[in-house]
1. Quick one: which residue in B:280, B:196, B:214 is within 28 Å of residue A:227 (Cβ to Cβ) and free of Cβ contacts under 8 Å to residues at least 60 places away in the same chain?
2. If I filter region B:256-266 for residues that are within 16 Å of residue B:80 (Cβ to Cβ) and crowded, with 17+ Cβ neighbours inside 10 Å, do I get at least one hit?
3. Evaluate region B:163-179: report whether one residue or more is surrounded by fewer than 21 Cβ atoms within 10 Å (Cβ to Cβ), free of Cβ contacts under 8 Å to residues at least 24 places away in the same chain and more than 29 Å from residue A:5 (Cα to Cα).
4. When region B:234-274 is examined, which residues are found to be away from chain A (no Cβ under 11 Å) and under 20 Å from residue B:194 (Cβ atoms)?
5. Looking only at residues in region A:83-109 that are over 15 Å from the mean Cα position of the chain (by Cα), assigned to a helix (DSSP H, G or I) and farther than 22 Å from residue B:100 by Cα, which one is farthest from the other protein chains (Cβ to nearest Cβ)?
6. Before we move on, is residue B:64 touching a helix residue (DSSP H, G or I) at 6+ places or on another chain (Cβ under 6 Å) and on the phi < 0 side of the Ramachandran plot?
7. Go through B:16, B:24, B:7 for me and flag whichever is surrounded by 17 or more Cβ atoms within 10 Å (Cβ to Cβ) and within 8 Å of DNA strand D (Cβ to nearest atom).
8. Residue A:180 fails exactly one of the following numbered conditions: (1) in the same structural domain as residue A:230 (by TED's automatic domain parsing); (2) within 15 Å of the chain's Cα centre (by Cα). What is the number of that condition?
DNA sequence: TTGTATGCGTTATCAA
DNA sequence: TTGATAACGCATACAA
């Protein structure tokens, strides 16, 4: 099959004009049943498939949406993606999923491609929400919505979750459970999430009237399982009387690593260390000691972001919105004993 | 920005012909430095972006590759995807990632779209490798490679891992560790993987000269964490003298669920139950009791599949190949005590 | 009800 | 070195 059949080919074998074939495709009611049947037969015989590029060119716009994920190996983002997917499907749009893998270079290359593809719009969890790369995209005419991050200024819509509140919920819970020396595990602080959750943690700590120095920060270089393990090492390396009795981790991956380090060293969770994670990924609930975690409405995040994007493309009076969802603490054995 | 600038617009503002603009884009060496500068300036001023649809239409083919995943929430597939992504990037192709979420309907819709997009080729882990939907795609001219599944006949390339061998490795390991009553946890058997691993398990069991009835099957309805938990319930519901001392799970998700059920019931792993998983996802190694698992070369699977696809698109003498990789057992605490 | 003609943006061929 | 023109496949306005 060298070149696939075009409307012209179909027209020829059906013995009708090209316009009629097009009518069969787009306004079948205008075509008499008999010719329609003939055309449809010809299409079947030739294995005719619409050429989307040509349609797009003609239409002046595509029926494509794109979601640029920050890290496809983090279940949090695949859940967001699933929300986006549902929304795209409902709007009869195809979804282009890309994974920047936390690389600004890769992200930029993808954005370049997407703009060239004339996607209707881009949903993105950017490596750096304030990068000028995003402005460039907008300047060139592709609407963009930031997911799970906040961007300074009001040039785009964004959908996120209140991370400071999340941090507060986590630490309030630990304080309620009687903990008076707590570690915050996460990093780098340059990630908005990490610093906001830390800010919320500090706030809750101060509100409880506890001394500042008893909320310690275990700074990590990232938010993967391995960094959690290393945080465990550092905690166990502290002299016992100064060692925190609870840890609040900036995400579940680090929480899982930390849990593993403690358990494999025959420490008990929550007796030796209570743990709170963040994101409530399926593996948090599935851990040997189910992990208390701050849940974010992941699917909803994706769905809502897609809705904003669609509004921006369709509605001339669209105004940029900043949607902030509320997180929720899910208490499990890792803090309840 | 209503309509983005075209080559024609660029030509007009630069005061040159349309052909010259095209030359600047595609054969800059043919254009005198001064006019080239003028054209480039105009492109910058107008925010010109190539229209990929038009290029595609003109070229007669796209620069798109697609990977249709079976389940984006399973880390196994995101790792395969990352391999595909690397290969696509190296070949300067964009990658369209889709997620069928185990739904044949959704899969079909995606394939339809992809064929219309004239993607160069499709990598797919199909819901049903023998479905005629795949034939339809091929018949309409889009090359296709099956990933992590095998399809009867030789109409397509496929890349997979020897699941029977994997099953054998798992059970041999358990037999070596002295287990004489073992459960196989997984289902439904209609999934090739599940039945092949079971076949391998049986083979190893027979080779060890052990009585058939002591390798028991705990059939599950799927391969998620929850099914693992339920399998745990069923195991603990057995009278102790007939209860298996080890379980081989058809994937890590079920292994994690099973592990959790045992641990939260204060059973010990591996003392009360040794556990072997399959896939060696990051969460297997990260479990409180690190899980022994059969590792598959996930990234490589994706890369190799992409390579086969690219060969099929570029090489007229391409012949379909069936690549089978060898799995490897990674022993950890869940069987080593 | 059906046919004809035009243009979307790009690239390549050929002429100037 | 640059310019004019045709073609890719489709959808639509308009003519028959």
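1. The match here is B:280.
2. No.
3. Yes, there is a match, as at least one residue in region B:163-179 is surrounded by fewer than 21 Cβ atoms within 10 Å (Cβ to Cβ), free of Cβ contacts under 8 Å to residues at least 24 places away in the same chain and more than 29 Å from residue A:5 (Cα to Cα).
4. Once the filter is applied, which keeps residues that are away from chain A (no Cβ under 11 Å) and under 20 Å from residue B:194 (Cβ atoms), region B:234-274 yields B:234, B:235, B:244, B:246, B:247, B:248, B:249, B:250, B:251.
5. The qualifying residue farthest from the other protein chains (Cβ to nearest Cβ) is A:104.
6. No.
7. That would be B:16, the only listed residue that is surrounded by 17 or more Cβ atoms within 10 Å (Cβ to Cβ) and within 8 Å of DNA strand D (Cβ to nearest atom).
8. The failed condition is (2).
The values are calculated or read from the model by the stated rules, or taken from the named source; none is laboratory data. Source: prediction; values computed, not measured. Neighbour counts run over all protein chains shown; Cβ positions are idealised from the backbone, glycine included.
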